[in-house]
Amino acid sequence: MFNKFWLTSLSMAAALVLSACGGSNLNPPDTSIDHSQEHEEPENGNGNGNGNGNENGNGNGGDNGDDTSDAMHLPLGDSAWTNNGSSATLSYDTENEVLILTPDFTQEACPQDWDANARCVFAANYSMDGPIDLRGATLVFELDIDQSILDNNGQPGGIILQGYGQQQVAPWGGFWGCEVYNQDIDASPYTYSCEFPLDSDSLVFSTGGDTGQVGLQVLRGDGADEGANPEGPVDSTLEGSITLHAARLYLADDTPDDNGGDNGNGNGDNGNGNGDNGNGNGDNGNGNGDNGNGNGGDDDVDLSLGVTEGWSVEGEGASVSYSEAGVVFSASAHDHSTRYLIDGPVNLAGATFTVVFTADEDYRASGANVQPMAQEQFGGWTGHWDCWINNEDLTGAEQTSQCTLGTGAFDIAEGEQLAFILGAKHEGGNVAGTLTIHSVTVSFAE
């Protein structure tokens, strides 16, 4: 299995120059970074229910729920990211806050001491400090893959995506797997997920700097064993890049929470907020005045998306319909999604999308997760992929989730559009049932 040995060799010789395949020097990452301070924690919810009922209740959300999630967001601008000496260019786009992996597909053979027939691989590699136990962890990448790569110049087959985790000290053990073939990637953007085994002690990184690494490899599909695409390799004249919008690591005992504040006291009841990324608690609650017919929490709403028309779907077999309850989105496969286009001019940088929805019994039973997303429909098609709602947090009743966009993009000009997207996510598993979207509101950044 040439892939794991590739990384092992690079770890053993950090200054290795891959002159045989046009690689660059492997620069040691900055090990002084304290990764425990780098991951944004969801905001705790103090829901402000401003009821418009008969008694005009102004109820305040009660106790803050506690976010017990240990999910790690691997910051894409961190110097701990390298190409690990592979035949790829890895660059950080500061304006759009994304990491861009550009493979050199013209580089085919990268002979190694242990394998004269080794094929080149292209990596985005993140070095991390111990102690940390990655047994049973799930590594997730939100990707935009250039259509040129997906098309493979009209040839069958193409790249293989492969996740990994590895020690950076002897004996340099690790895990390489979760291969996804080019022909199985339905569309871009694409969520890649890889669950590490529970029984691999090599995924326990000890105390000390630079003791482990995780990442994503792009294989040519012309290697041996798991490195071979059964439908054919990548076209060597191919040009294109893969953009990483987010990288997350969920530990085995991690269950991201979606807890809201308790019901508010006063005339406006039910000040319940939910956090961005589905991991915690949000800012603004939705309160209902006593004896009232109006819904509170509207004071901070700047924009409402319609739920009677205007929604479309991505993915064969997906559909939308409309009912008195709102938009009914039916999904039957991973990466099925529904979207609503917002016309410019509107500045959505830092805006918060609040979604009220219900997942039916079939959807919950299928094990599918929910991912709120947003993506510009022009230029570099910049998107926000950090929001997430775990299947176990779906209640079967109306629930609220908030997703706050980054500030580096999303200022939509006249004639441009942004898509708000709700996706069904269950890579390698079944998806069934419906999500009913009752409302989607947007609060602009202050």
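The values are calculated or read from the model by the stated rules, or taken from the named source; none is laboratory data. A quick note: this is a predicted structure, and the numbers were derived from the prediction, not measured. All Cβ positions, glycine included, derive from the backbone under ideal geometry; neighbour counts span all protein chains shown. With ligands, DNA and RNA removed, areas are computed over all heavy atoms of the protein, side chains included. Shrake-Rupley method; radii C 1.70, N 1.55, O 1.52, S 1.80 Å.
For the list (1) assigned to a strand (DSSP E or B); (2) crowded, with 19+ Cβ neighbours inside 10 Å; (3) touching a strand residue (DSSP E or B) at 6+ places or on another chain (Cβ under 6 Å), I need the number of the one condition that ALA424 fails. All conditions pass for ALA424, except number (3).
Residues in the range 179-190 that are out of contact with any Phe, Trp or Tyr (no Cβ under 8 Å at 6 or more places or on another chain) and not small (Gly, Ala, Ser) were compared, and the one that is surrounded by the most Cβ atoms within 10 Å (Cβ to Cβ) is ASN182. Do we have any residue at all in the range 335-354 that's open to solvent by less than 20 Å² (accessible area, probe 1.4 Å), under 19 Å from ASP186 (Cα atoms) and assigned to a strand (DSSP E or B)? Checked the range 335-354: at least one residue is open to solvent by less than 20 Å² (accessible area, probe 1.4 Å), under 19 Å from ASP186 (Cα atoms) and assigned to a strand (DSSP E or B). Consider GLN371 carefully, then state whether it is more than 17 Å from the chain's Cα centre (by Cα) and of a type outside the set (Asp, Glu). No. For the range 414-446: of the residues being closer than 18 Å to TRP388 by Cβ and charged (D, E, K, R), which is nearest to the chain's Cα centre (by Cα)? Looking at residues that are closer than 18 Å to TRP388 by Cβ and charged (D, E, K, R), I get LYS425.
Note on the range 391-405: residues that are open to solvent by 20 Å² or more (accessible area, probe 1.4 Å), assigned to a loop (DSSP other than H, G, I, E, B) and out of contact with any Lys or Arg (no Cβ under 7 Å at 6 or more places or on another chain) amount to 3.
Results for (1) open to solvent by 10 Å² or more (accessible area, probe 1.4 Å); (2) modelled with pLDDT of 90 or more, shown as yes or no for each residue.
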| position | (1), (2) |
| --- | --- |
| ASP144 | yes, yes |
| GLN162 | no, yes |
| TYR192 | no, yes |
| LEU203 | no, no |
| GLN213 | no, yes |
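Within the range 428-446, restricting attention to residues that are surrounded by fewer than 18 Cβ atoms within 10 Å (Cβ to Cβ) and touching a residue at least 24 places away in the same chain (Cβ under 8 Å), the residue that is nearest to VAL356 (Cα to Cα) is HIS438.
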